[in-house]
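Data first, discussion second: the structure below is written as structure tokens.
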Amino acid sequence: MANSKKKRKFKLNARGKAFLAGFCVLVALTAITIISLESCRQKLSEDNNQIILNTSEETIGTTETVPPTPTPTPMPQFDLLGNIYSNEAILIDAETGVVLSEKNPDTRAFPASVTKMMTLLIACESITDYSEVYPLPREIYDTLFYQDLSTAGFECEEPVTIDDLLYGLMLRSGAECCLGLAQKIAGSEAGFVELMNIRAEELGMTGTHFTNCTGLHNPEHYSTVRDMATLLRAGLQNDKFRQVFSTMTYTSTPTTLHPGGLTIYSTFYQGLSSMDFEGGTFIGGKTGTTTEAGLCLATAATINDHEYIFVTFGAYRGENDTTRYHILDAINAYQALASALSNGV
């Protein structure tokens, strides 16, 4: 019985050893698996870090080699008009139409003889033979007398050319030239005024209404400096208009009444020592004045080979004051612009 018990105890020990051996193998395999997995995880983490690092380096390199988009420099504020004498004024870029400075630009006011720019434009667009002779009709001189209008100096029924009339109306503000052209083109001043208002509408001159072709004062004859700047900009695109507008002096064709021709000087250039001002040059100008309108002016000028337009209404002066305030305003505004441009504006 004793031997039998010993033999059974020996068998239990063998099983235990087998179980212990198997358990040890399992633990070893588990440990190896864990170590392998940890090694792979660390390797993957290192690879990812390297990818992120490389990507960051590439991004940095790209940022350094491609310059950023420049930010436009804002235009500084500056006063081009200053303390001008005129009640209404506008300064524009003649080539783009962009407004550079303004003062009451849409206030309706009386344009006086600045009106004659529209008379000139209609004539330039309607007539092709500027050498045609056209004796001035007698009836227009009755109108001149009763309305006390200024003239260029041509006489009744004098056989002048269309060219003579164009230069006479623009340079010397001759009303006989305006009325003669109106009669020639439309048969009457009333018919011609219809053409003026139609053209104004086509140009978008919404603050303008004409009742005559000379600028004679009438409560229903009005415009704005914005509209007149629009008109002058359109006129400068017409070759004949530009030629006449930019002329300082002109001698008409000889006639029996003026054998040597009639020499006409621009009312704008009269009194100016030069067409040049500090920083630029005048292209031309049209003056106008009545008691109600005050001193009015439409000008164009070149600064750094670029064209600009400046229009003013309503500069008033005393009875015995002969100062040309409207021209002073133009000179000062253009010089202020030239100075701003030279300073990098």
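So the values come out like this:
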quantity	calculated
In region 102-149, the residues that are closer than 20 Å to Asn87 by Cβ and not polar (S, T, N, Q)	Glu102, Lys103, Pro105, Asp106, Arg108, Ala109, Phe110, Pro111, Ala112, Val114, Met117
Selection count where residues are of a type in the set (Asp, Glu), surrounded by 15 or more Cβ atoms within 10 Å (Cβ to Cβ) and closer than 13 Å to Leu181 by Cβ, scope region 99-146	1
Residues (farther than 16 Å from Glu307 by Cβ and acidic (Asp, Glu)) located in region 272-295	Glu278, Glu292
Checklist (1) modelled with pLDDT of 50 or more; (2) part of a helix (DSSP H, G or I); (3) of a type in the set (Asp, Glu) applied to Glu57, failing item	(1)
Subset of region 303-345 [free of Cβ contacts under 8 Å to residues at least 60 places away in the same chain, polar (S, T, N, Q) and exposed (fewer than 15 other Cβ atoms within 10 Å of the Cβ)]	Asn304, Asn320, Thr322, Thr323, Asn343
Hey, Arg172 buried (at least 17 other Cβ atoms within 10 Å of the Cβ), assigned by TED's automatic domain parsing to the domain that holds Tyr269, among the basic types (Lys, Arg) and over 29 Å from the mean Cα position of the chain (by Cα) or not	yes
Subset tally (residues that are of a type in the set (A, V, I, L, M, F, W, C) and in contact with a strand residue (DSSP E or B) (Cβ under 6 Å, 6 or more places away or on another chain)) for region 237-276	4
In region 257-285, residue surrounded by the most Cβ atoms within 10 Å (Cβ to Cβ) [restricted to those that are hydroxyl-bearing (Ser, Thr, Tyr) and without any contact (Cβ under 8 Å) to a residue 40 or more places away in the chain]	Tyr269
Selection from region 200-228 of residues that are within 17 Å of Ser113 (Cβ to Cβ), among the β-branched types (Val, Ile, Thr) and in a loop (DSSP other than H, G, I, E, B)	Thr208, Thr211, Thr214, Thr224
Selection count, region 229-241, where residues are over 19 Å from Thr115 (Cβ atoms) and touching a residue at least 12 places away in the same chain (Cβ under 8 Å)	0
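The values are calculated or read from the model by the stated rules, or taken from the named source; none is laboratory data. Note that the coordinates shown come from a computational prediction; the quantities given were computed from them, not determined experimentally. Here the Cβ is made from the backbone with ideal geometry for all residues, glycine too, and neighbour counts use every protein chain on show.
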